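The values are calculated or read from the model by the stated rules, or taken from the named source; none is laboratory data. Keep in mind that this is a model prediction, so the values were computed, not measured. Methodologically, a virtual Cβ is constructed for each residue, glycine included, from the backbone with ideal geometry; neighbour enumeration extends over all protein chains shown. Just so you know, the surface numbers come from the protein's heavy atoms only, side chains and all, with ligands and any DNA or RNA stripped out. Shrake-Rupley method; radii C 1.70, N 1.55, O 1.52, S 1.80 Å.
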Amino acid sequence: QVYYRWAIDQIHKGRKFILFDYNGFWVDSISKKEVPQELAMEFLHSLGLEDQGNSTNAPGLIQLVSKESSVVEFERTLDGELENYLKIVTLDPKAQAYLRLKRADKKESDSSVVVTTAQGALALQGYVLIIDPNSGKRRWRLNPFVFFELALDLKGRPRFDTTTLFGRRIFYSHIDGDGFINISQVKPTIMSGQIIFDEILKKYSLPFTVSLIEAEVSPKYLGSPKAMDIARDIFKLDNVEIGAHSFTHPLDWQRQWTAYPIKGYTRTINLSEDPDMAESRYAYVYIIKAPRSEFLKREIDDEVGFLKQQLAPKDKKVAIYQWTGSCVPPAEGIARTRDLGIRNINGGDTRLDRSRPSYTSLAPLVRSILGEVQILASSTNENLYTNHWLGPFYGFRYVIETYQQTEYPTLIDSVYRRVAPINIYYHFYSGEKDLSLDALKQVYDYALTQPIISVFTSEYASVVEGFLSGQMDNLPDGGWHLKDYGNDRTVRFDRFNKFPDLQRSKGVLGFLRWKDYLYVHLDDHNEAVLYFQDSKSKEAYLESASSILLETKISQEKIEFQTHVFAHGTYEFINMSPGAIYEVTIYQTKANTVVLKNDFQADKEGHLKIEVDVKGKVLFRINRKI
């Protein structure tokens with residue numbers, strides 16, 4: 001009963017309420033008695049709907065009255081698959097039904113089983129997803145992109161976006177510490193950690209987030225002084241951010257199963273004490289004996305301390321914790337990372353390819369538990385593409401298909417839609433074999449052909465945090481007030497034909513149109529006001545940038561911004577003085593010394609494109625000369 005009272009209150013407060021698979025709460029969790037029918041009906045009535053019963057799941061009795069295919073037949077048609085009926089009647093005159101059914105054996109049995117109302121929406125069980133009982137593979141019947149836009153009345157409204165910054169697709173890459181000390185077949189007697197250092201980290205001018213497992217590298221356990229030296233050399237690289245990957249690599253954070261035997265800390269497990277072990281895919285498992293709080297402290301706090309004190313350069317901090325094993329940490333574990341002032345990531349396993357041609361295979365942005373938030377990775381790692389490292393060892397190259405399909409879907413009858421960043425996520429054991437290393441290089445080479453903006457993994461996590469905290473209000477004069485978005489500095493408008501009014505707007509650096517989407521770039525002051533107009537703006541603005549811009553000022557006469565460039569920087573500005581020459585001076589931020597000075601010319605349309613090869617944290621000053 002508590003749920004229904006809460007739900008009714010939310011609707012009365014003006015919040016949209018959406019039901020998938022109907023409400024489903026017929027038994028009170030406290031009293032264990034059936035919920036009074038009048039209370040359930042009050043809930044539906046507040047949603048503008050009424051349940052008049054007459055349910056059946058006999059396909060022969062269910063007939064189609066009408067359907068809006070663009071809403072209810074996304075990845076799977078309804079042909080021959082009408083298998084659930086309940087008479088849902090709309091009480092709201094603003095209700096819009098997208099799937100209507102009737103019973104062949106009943107008069108006046110029209111039912112709106114997928115419907116939106118002024119208060120929310122309902123999609124009856126069987127018309128949201130279909131799950132193959134043999135393979136477990138899922139398909140959307142409902143088009144979630146269209147349905148939620150209709151149900152939440154989002155058309156023409158901004159959405160904070162986590163795939164794009166300054167008009168370019170986000171790229172980030174992170175490495176889990178597993179296999180760092182494995183001897184490589186690429187160069188026998190050489191550790192896989194050394195191979196990844198030499199062949200990837202030093203050769204690709206991209207940002208990397210690199211994590212290590214203390215038990216693997218420390219000479220106190222399975223490591224060696226040589227492993228420690230390689231780790232220190234990796235962490236010294238300017239394009240490497242430090243991540244933590246636990247003390248012993250817990251495989252199951254609830255049961256305290258872990259991968260490495262540590263004297264006095266772990267013990268062996270036998271099947272009689274944990275029958276679930278027989279179903280586990282883990283070949284070797286040990287139990288951590290420590291009490292829960294001690295276990296979490298050792299695997300999280302002490303691991304971060306080890307990296308700081310023994311491996312990290314003095315000017316670098318540990319930026320992020322990368323969850324291990326099943327990647328389902330308890331809330332108190334996530335809280336520990338937050339208390340340490342670091343972000344966290346892993347879990348999710350997003351794929352969209354020939355083996356999983358469905359948007360149901362995309363992970364959400366986060367996992368929430370008891371008020372704590374775990375950031376999920378944007379892509380599957382090579383462990384799954386290689387069948388848990390059993391082969392084929394070239395399998396990781398197929399992740400490229402996911403990058404393509406999450407922007408230009410061809411396996412699904414869908415419009416172009418960017419739904420995920422490019423995330424190259426793998427383990428050090430990819431340095432073990434020629435095939436896996438070659439696959440890794442193919443993936444990085446592909447990323448470099450794309451118009452990306454390169455960020456560290458902790459920076460991507462901060463974008464997601466901004467997505468969660470961001471707020472927006474529609475102003476009385478038609479503008480939008482945006483605030484508390486942190487590092488999520490992109491708002492997206494879908495199928496939107498207007499242009500930002502840069503003269504009236506505040507905190508807006510520019511915009512870019514991609515397909516039917518408008519990406520608006522916000523400055524780093526965490527608050528903006530956005531207005532629109534029918535024609536293009538005449539003010540100078542940023543169209544795209546390949547790195548994150550800070551403290552940015554833009555005019556036709558001069559431009560200034562700070563940024564962190566990993567190698568090649570590309571910056572495009574619109575409405576500059578046609579044909580004018582602009583002098584670009586780049587200063588190294590720390591030393592305040594000039595590292596590059598060059599002239600660039602705007603074209604006859606006023607498009608100024610600046611491409612430079614510099615590295616590090618720099619300040620750009622761009623001044624019109626002629």
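Results, tabulated for the structure shown:
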item	result
Selection count, the stretch 168-184, where residues are open to solvent by 10 Å² or more (accessible area, probe 1.4 Å) and touching an Asp or Glu at 6+ places or on another chain (Cβ under 6 Å)	2
Members of the stretch 337-360 found to be under 13 Å from the mean Cα position of the chain (by Cα), farther than 26 Å from D438 by Cβ and polar (S, T, N, Q), listed by number	N344
Any hit, the stretch 537-546, residues being part of a loop (DSSP other than H, G, I, E, B), open to solvent by 30 Å² or more (accessible area, probe 1.4 Å) and either small (G, A, S) or farther than 26 Å from K625 by Cα (or both)	no
Selection within the stretch 324-351 - open to solvent by less than 30 Å² (accessible area, probe 1.4 Å), touching a residue at least 60 places away in the same chain (Cβ under 8 Å) and in a loop (DSSP other than H, G, I, E, B)	T324, G325, P329, P330, I342, N346, T350
Single condition I412 does not satisfy, out of (1) touching a Lys or Arg at 6+ places or on another chain (Cβ under 6 Å); (2) part of a loop (DSSP other than H, G, I, E, B); (3) over 20 Å from I170 (Cβ atoms)	(1)
Tally of residues being modelled with pLDDT of 90 or more and either open to solvent by less than 80 Å² (accessible area, probe 1.4 Å) or under 32 Å from the mean Cα position of the chain (by Cα) (or both) across the stretch 270-290	4
Flag for A528 being open to solvent by 40 Å² or more (accessible area, probe 1.4 Å) and among the small types (G, A, S)	no
Filter result (of a type in the set (K, R) and either under 24 Å from L512 (Cβ atoms) or in contact with a Pro (Cβ under 6 Å, 6 or more places away or on another chain) (or both)) within the stretch 164-198	R168, R169
Every pair of residues 6+ apart whose Cβ atoms lie under 9 Å, when the first sits in the stretch 401-421 and is closer than 21 Å to N381 by Cβ and touching a residue at least 12 places away in the same chain (Cβ under 8 Å) while the second is part of a helix (DSSP H, G or I) and of a type in the set (V, I, T)	Y403/V443; A420/T402; P421/V463
Tally, over the stretch 88-111, of residues that are charged (D, E, K, R), modelled with pLDDT of 95 or more and open to solvent by less than 40 Å² (accessible area, probe 1.4 Å)	1
Residue within the stretch 110-118 that is under 18 Å from S46 (Cβ atoms) and not in a strand (DSSP E or B) present	yes
Only listed residue being acidic (D, E) and either modelled with pLDDT under 95 or within 18 Å of the chain's Cα centre (by Cα) (or both), chosen from D413, D438, D434	D413
Matching residues in the stretch 500-517 - criterion: being open to solvent by less than 30 Å² (accessible area, probe 1.4 Å) and more than 17 Å from T164 (Cα to Cα)	P500, D501, L502, S505, G507
Selection within the stretch 28-45 - on the phi < 0 side of the Ramachandran plot and either open to solvent by 20 Å² or more (accessible area, probe 1.4 Å) or β-branched (V, I, T) (or both)	S29, I30, S31, K33, E34, V35, P36, Q37, E38, M41, E42, H45
Options D501, D484, D516; residue that is closer than 18 Å to R418 by Cβ and either in contact (Cβ under 8 Å) with a residue 12 or more places away in the chain or not acidic (D, E) (or both)	D516
Boolean, V618 is open to solvent by less than 10 Å² (accessible area, probe 1.4 Å), closer than 29 Å to Y204 by Cα, touching a residue at least 12 places away in the same chain (Cβ under 8 Å) and out of contact with any Gly (no Cβ under 9 Å at 6 or more places or on another chain)	no
Unmet requirement for K155, which otherwise passes all of (1) of a type outside the set (S, T, Y); (2) surrounded by 15 or more Cβ atoms within 10 Å (Cβ to Cβ); (3) under 25 Å from R417 (Cα atoms)	(2)
Flag for S211 being surrounded by fewer than 19 Cβ atoms within 10 Å (Cβ to Cβ), in contact (Cβ under 8 Å) with a residue 12 or more places away in the chain and either closer than 16 Å to D176 by Cα or of a type in the set (G, A, S) (or both)	no
Test result for N598, farther than 24 Å from V520 by Cα, open to solvent by 50 Å² or more (accessible area, probe 1.4 Å) and at pLDDT 95 or above	yes
Residue that is under 27 Å from L550 (Cα atoms) and open to solvent by less than 10 Å² (accessible area, probe 1.4 Å), where the choices are V463, V419, V399	V463
Strands (runs of 3 or more DSSP E) completely within the stretch 454-528 that count 2 or more residues being among the aromatic types (F, W, Y)	508-514, 517-522
In the stretch 39-98, the residues that are among the charged types (D, E, K, R) and more than 19 Å from D21 (Cβ to Cβ)	E42, E68, D79, D92, K94
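For (1) closer than 22 Å to R103 by Cα; (2) more than 37 Å from the chain's Cα centre (by Cα); (3) small (G, A, S); (4) at pLDDT below 85, each residue gets a yes or a no:
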| position | (1), (2), (3), (4) |
| --- | --- |
| N23 | yes, no, no, yes |
| K32 | no, yes, no, yes |
| S46 | no, no, yes, no |
| E50 | yes, yes, no, no |
| P59 | yes, yes, no, no |
| S66 | yes, no, yes, no |
| D79 | yes, no, no, no |
